[in-house]
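Visitor: To start, I am sharing the structure in question, which I have written as structure tokens.
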Amino acid sequence: MPGIRLDSVSKVFDGRHLAVDGVSLDIARGECMVLLGPSGCGKTTLLRMIAGLEVPTEGTLWFGRTEITDLPPKERGVALVFQNGALYPHRTARENILFPLRMAAEDAAEADAKVTGVANILGIDETLDRFPKTLSGGERQRVAIGRALVRKPRVFLMDEPLSNLDATMRTELRQEIGAMVRDLDVTTVYVTHDQVEALTLADRIAIMRNGRIEDVGTSEQIFHDPATAFTAGFLGVPRINLMSATVRVTDHHRVSLDFGNQSISLPPIDRRSLILVDHDGERVIVGARSHAFTTAASGEANQLTGALRALEFHGSEWMAFVQADIELINPDLVGRTTRTTTPEHGGGRSRHANAAARGSGLSTLIPGVRQVQDKLLRRRRPHPSTPHPTTASHRRADLVIELNDARGLRPGTKVHLTVDTERLHIFDESGHRIDRITR
Ligand code: ATP
């Protein structure tokens with residue numbers, strides 16, 4: 001069982017569509033790496049390159065110390081399960097699982113024992129003699145997983161294997177896949193856009209956006225210590241509140257975050273204060289998950305205040321929507337860039353042709369493009385004293401806060417929020433963390 005290494009891997013379709021952009025990633029032996037991201041961010045393309053079903057336009061892939069960039073799929077020892085693990089309709093579940101062993105001309109008795117073993121792990125022993133059309137979606141998917149695993153792959157790849165199942169079945173099979181991946185100790189890459197699957201299954205998660213990896217870490221690292229505002233917004237329910245603010249530094253080096261009609265000061269000893277003194281007058285994005293706020297009975301200094309606009313009962317907790325007249329930012333739009341593509345990508349440039357470009361994305365292949373982009377972005381950045389223009393990523397909306405107890409609250413009630421400044425994340429306007437990431 002090897003580890004997997006992706007070194008500056010890119011994929012351009014039809015010479016102009018940049019689907020994966022300079023991805024480098026190390027996956028350890030036996031690790032379960034989840035590729036998580038919105039639709040179209042390049043997860044499946046990356047997975048298919050690991051499987052050998054797509055040829056990278058740039059970069060190299062390795063299994064352990066062996067380069068596999070040009071190795072045909074059959075020689076990679078990879079098992080792949082798709083969304084809809086298509087089974088042979090005229091073969092029973094047992095025959096479906098047996099099929100790869102027959103193709104490999106394995107001894108019949110040994111093959112039967114292997115099928116029984118895999119069926120045991122997956123809890124489908126009772127269904128082995130049934131045909132696919134008589135099985136539930138979850139059972140069919142288990143058979144597909146069994147067929148993929150029965151030959152003991154070196155690497156196990158799954159592409160949204162639960163997305164066609166109902167909620168109950170998803171939870172059940174998700175737990176089983178988690179247990180199975182850990183038991184089998186096989187290097188696994190799992191593609192999903194479902195944060196619960198990612199958080200529960202992954203040893204580590206790689207968050208993808210626009211063909212690139214924005215952040216890699218354990219579930220807890222990414223949740224509590226996100227590298228970008230987009231990452232912060234992708235994990236967590238309710239979504240993180242991203243508030244637009246201006247940094248203000250007093251003559252005594254006291255730092256406050258000015259939200260327009262209200263502000264909060266950071267304690268002088270807060271490490272963020274030490275960093276933010278250098279950002280006086282700059283616009284920043286302040287990320288605060290629900291647990292950074294506590295409701296206070298009365299107004300005190302250094303709180304945020306708003307009016308409760310709506311209250312939703314979610315079973316064991318309440319969701320409070322608080323209108324605080326703070327400009328909130330949509331995590332999906334912050335720092336969004338369009339993919340850079342160029343006719344040169346289709347010009348037969350070999351993936352080995354431009355080693356110098358590796359590590360920084362295909363857009364660097366065009367001399368000077370990055371510099372020009374950076375210059376334009378710098379130019380667009382407003383002067384500290386000018387009012388900040390409202391862009392597509394900005395909107396006036398509600399702070400969303402989870403409450404265990406909503407007694408005494410009703411729409412229109414004034415709400416005082418004490419902010420735990422230790423739990424704030426500060427990003428620059430393009431969504432990158434300013435304060436140190438502590439991993
Ligand atoms: P989803 O979650 O919706 O499956 P994804 O993150 O897996 O999305 P990909 O399927 O890898 O994304 O697609 C990445 C981008 O590449 C998309 O914009 C897609 O339209 C494009 N793409 C994928 N395959 C091809 C292809 N064969 N030809 C052209 N463009 C493609």
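Visitor: Note down the magnitude of the dipole of the chain about its Cα centre, charges +1 on Lys and Arg C-beta and -1 on Asp and Glu C-beta and zero elsewhere, to the nearest 20 debye.
Guide: So the dipole magnitude of the chain works out to roughly 1060 debye.
Visitor: What do you get for Rg/Rh over the chain if you use C-alpha atoms and the Kirkwood form of Rh?
Guide: Rounded to two decimals, Rg/Rh equals 1.04.
Visitor: Compute from the Cα atoms of segment 170-209 the Rg and the Dmax, the latter being the longest Cα-Cα distance, and quote both in angstrom.
Guide: Using the Cα atoms of segment 170-209, the pair Rg, Dmax is 10.1, 31 Å.
Visitor: On to the next question. Taking square-rooted eigenvalues a ≥ b ≥ c of the alpha carbon gyration tensor, is segment 82-160 rounded, prolate or oblate, where a/c under 1.5 means rounded and, failing that, a/b exceeding b/c means prolate?
Guide: oblate
Visitor: Can you pull the one-decimal nm distance between simple spin-label points at Thr438 and Asn120, each 7 Å off the Cα toward Cβ?
Guide: 4.7
Visitor: Taking Cα atoms, how many degrees apart are the long axis of helix 369-380 and the longest axis of the chain, rounded to 10 and kept between 0 and 90?
Guide: Rounded to the nearest ten degrees, it is 30.
Visitor: Assuming R0 = 45 Å, can you tell me the calculated FRET efficiency for the pair Glu106 and Phe13, based on Cβ-Cβ distance, to the nearest 0.05?
Guide: Here the calculated transfer efficiency is 0.75.
Visitor: So what J values fall out for segment 209-223 if you push phi through Karplus, 6.51 cos²θ - 1.76 cosθ + 1.60 with θ = phi - 60°, rounded to Hz, Gly and Pro as x?
Guide: Here the 3J(HN,Hα) series is 7, 6, x, 10, 8, 8, 7, 9, x, 5, 3, 5, 4, 5, 5 Hz.
Visitor: Excluding Arg76 itself, calculate the net charge of residues whose Cβ lies under 14 Å from the Cβ of Arg76, where each Lys or Arg counts +1 and each Asp or Glu counts -1.
Guide: For residues surrounding Arg76, the net value is +2.
Visitor: Report the Cα-based extents of segment 19-99 along its three principal axes, largest first, to the nearest Å.
Guide: 43, 31, 25
Visitor: Can you check what the net charge comes to around Val150, using other residues whose Cβ is under 13 Å from the Cβ of Val150 (Lys, Arg +1; Asp, Glu -1)?
Guide: Taking every other residue near Val150 into account, the sum is +3.
Visitor: Pop out the ³J(HN,Hα) list for segment 299-316 in order, Karplus 6.51 cos²θ - 1.76 cosθ + 1.60 with θ = phi - 60°, rounded to Hz; leave Gly and Pro as x.
Guide: x, 9, 5, 6, 10, 9, 10, x, 10, 5, 8, 7, 9, 10, 8, 10, x, 8
Visitor: Another question, then. Pop out the ³J(HN,Hα) list for segment 137-149 in order, Karplus 6.51 cos²θ - 1.76 cosθ + 1.60 with θ = phi - 60°, rounded to Hz; leave Gly and Pro as x.
Guide: My calculation for segment 137-149 gives x, x, 5, 4, 5, 5, 5, 4, 5, x, 5, 5, 8 Hz in order.
Visitor: Quick one: net charge of Lys11's neighbours, Cβ under 9 Å, K/R +1, D/E -1?
Guide: Every neighbour counted, the sum reads -2.
Visitor: Right, another one. Find the Rg to Rh ratio for segment 4-233, where Rh is the Kirkwood radius over alpha-carbon pairs and Rg uses the same atoms.
Guide: 0.97
Visitor: Give me the count of lysine pairs in the chain whose alpha carbons sit under 29 angstrom apart, restricted to pairs 8 or more positions apart or on different chains.
Guide: 12
Visitor: Now for a different question. Mind giving me the nanometre distance, one decimal, between the label points for Leu71 and Leu274, set 7 Å out from Cα along Cα→Cβ?
Guide: 4.7
Visitor: Let me ask something else about it. Pull up all non-local amide H partners of Gly287: gap of 5 or more, or a different chain, and H-to-H distance under 5 Å with H placed in the peptide plane.
Guide: Counting only residues 5 or more places away or on other chains, the set is Met243, His425, Ile426, Phe427.
Visitor: Continuing with the same structure: Using amide H atoms built 1.01 Å from N in the peptide plane, name the residues 5+ places from Ile68, or on other chains, whose amide H lies under 5 Å from its own.
Guide: Leu61, Trp62, Phe63
Visitor: Do the sum for the chain: with -39,500 (n - 2.57) for every DSSP H run of n ≥ 4, divided by all residues, what is the mean residue ellipticity at 222 nm, to the nearest 500 deg cm²/dmol?
Guide: After summing the helix terms and dividing by residue count, I get -7000 deg cm²/dmol.
Visitor: Let me ask another. Tell me which residues come under 5 Å, amide H to amide H, from Tyr190 once H is placed; ignore anything under 5 positions away on its chain.
Guide: Residues meeting the criterion, in which the H sits 1.01 Å from N, are Met33, Val34, Leu35, Met158.
No value in this document is a laboratory result; all are computed from the given coordinates. Note that this is a predicted model, so its numbers are computed, not measured. In this analysis, Cβ positions are derived from the backbone assuming ideal geometry, glycine residues included, and neighbour counts consider all displayed protein chains.
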